[in-house]
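In what follows, a single structure is set out as structure tokens and then discussed.
The values are calculated or read from the model by the stated rules, or taken from the named source; none is laboratory data. On a predicted model such as this, the values are computed, not experimentally measured, just so you know. Ideal geometry is used to build each Cβ from the backbone, glycine not excepted, and the neighbour counts take in all protein chains shown.
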Amino acid sequence: DRGSMPTRRLAADDAGIEEAGALLRAGKLVAIPTETVYGLGADAGDPAAVAGIYAAKERPRFNPLIAHLPDLAAARREGDFGPEALRLAQAFWPGPLTLVVPLAGTARVCDLARAGLPSVALRVPGSALARKVLAAAGCPVAAPSANRSGRVSPTEVDHVLGDLDGRIAGVLDGGPCPIGVESTIVACLDGPPVLLRPGGVPRDAIEAILGRELAMPSAPDGAAPVSPGLLASHYAPRAAVRLDAARIRPGEAALLFGPVPPDGLDDAALSLNLSPAGDLAEAAAHLFAHLRRLDAAGPATIAVTPIPEHGLGEAIRDRLARAAAPR
Ligand code: TXA
Ligand code: MG
């Protein structure tokens with residue numbers, strides 16, 4: 001039993017940043033705000049610290065984690081960037097893009113953080129506060145979303161504390177996360193770049209920089225998924241989730257998008273709108289907080305009205321499909 005420890009709530013000022021960096025350097029777990037979601041950070045070069053992430057999250061198996069760095073120079077010590085990876089890094093970092101590249105000879109990210117893979121997932125977050133913590137820590141920081149395994153990702157400090165209070169050394173309070181869905185993951189290994197996870201950078205923006213389409217992960221029959229950890233039920237609320245609902249059934253909770261109310265809304269138990277104006281960036285920013293709020297009311301089902309597939313809609317629909325997956 002890891003027992004319980006007081007979780008310190010650190011302010012987003014110089015003292016809080018210094019303290020967060022010092023705790024990370026000392027092998028402790030600290031939740032840090034990024035522009036996408038709150039991450040549960042640990043020194044990616046310290047297997048004991050990385051193991052602590054799995055214990056705190058109660059994650060049943062070791063998935064490879066994203067290592068966070070303060071800048072491209074630090075990232076290039078961890079991974080080998082080919083020309084396309086470099087172009088993407090220069091175009092989108094700092095920002096919500098993760099690049100999977102071959103591990104560099106100078107890398108500090110440990111085997112456990114990579115789940116033994118010969119590649120490494122790297123990201124320079126867009127949040128200036130996150131980059132200051134990473135610079136203060138002085139080590140690559142492994143950080144999956146700061147929620148308990150199987151729960152919805154946290155976009156506010158209270159979500160983090162609701163799941164992890166007493167299990168981690170600290171959480172840096174950076175307010176709500178402006179993007180609200182996790183980073184887009186692109187693998188730049190052998191062959192054409194592959195979209196492993198849609199996220200905060202829309203596919204079209206990446207394809208425009210590459211001058212070609214992103215490949216999709218190949219899933220050979222019966223083989224393990226290319227991006228382990230992309231479990232179907234990863235973003236699961238307690239309620240069942242019904243997608244592309246044209247009408248709301250009596251007693252359902254409703255998650256809406258856009259200005260037009262769906263049929264049956266009057267009989268909904270409760271409803272929240274991701275973006276009454278129909279703006280996908282606003283919808284992404286509200287997605288996880290709204291899912292948590294609807295779920296907390298205890299409905300049997302959350303019905304979600306249709307969300308467009310373009311731009312950030314791809315990432316939003318991906319997360320909702322995972323939330324709706326059988327489990
Ligand atoms: O926005 C984000 O990316 C957030 C914030 C905290 O930065 N982090 C995040 O981390 O979503 P995590 O651990 O939940 O997602 C890591 C994903 C996993 O799905 C894993 O399969 C994939 O990255 N991944 C990591 N290393 C990989 C590798 N070497 N090859 C393929 N996929 C990898
Ligand atoms: Mg997660």
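Odds and ends about this structure:
- Number of positions in the range 126-155 that are more than 15 Å from ligand 2 (Cβ to nearest atom) and of a type outside the set (A, V, I, L, M): 7
- Number of the exception - Ala51 against (1) assigned to a strand (DSSP E or B); (2) touching a Leu at 6+ places or on another chain (Cβ under 7 Å); (3) more than 21 Å from Glu182 (Cβ to Cβ): (1)
- Scope the range 283-297; condition in contact (Cβ under 8 Å) with a residue 60 or more places away in the chain and either out of contact with any helix residue (DSSP H, G or I) (no Cβ under 8 Å at 6 or more places or on another chain) or assigned to a loop (DSSP other than H, G, I, E, B) (or both); matching residues: Ala285, His286, Asp295
- Flag for Val120 being touching a Lys or Arg at 6+ places or on another chain (Cβ under 6 Å) and either farther than 27 Å from Arg203 by Cβ or in contact (Cβ under 8 Å) with a residue 12 or more places away in the chain (or both): yes
- Pairs, first within 10 Å of Glu35 (Cβ to Cβ) in the range 171-188, second charged (D, E, K, R) and more than 14 Å from ligand 2 (Cβ to nearest atom), C-beta under 7 Å, six or more apart: Cys177/Glu35; Pro178/Glu35; Ile179/Glu35
- Applying the condition of being assigned to a helix (DSSP H, G or I) and not hydrophobic (A, V, I, L, M, F, W, C) to the range 58-78 and asking which residue is surrounded by the most Cβ atoms within 10 Å (Cβ to Cβ) yields Glu78.
- Filter pass, Asp43 being surrounded by fewer than 24 Cβ atoms within 10 Å (Cβ to Cβ) and either acidic (Asp, Glu) or at pLDDT 95 or above (or both): no
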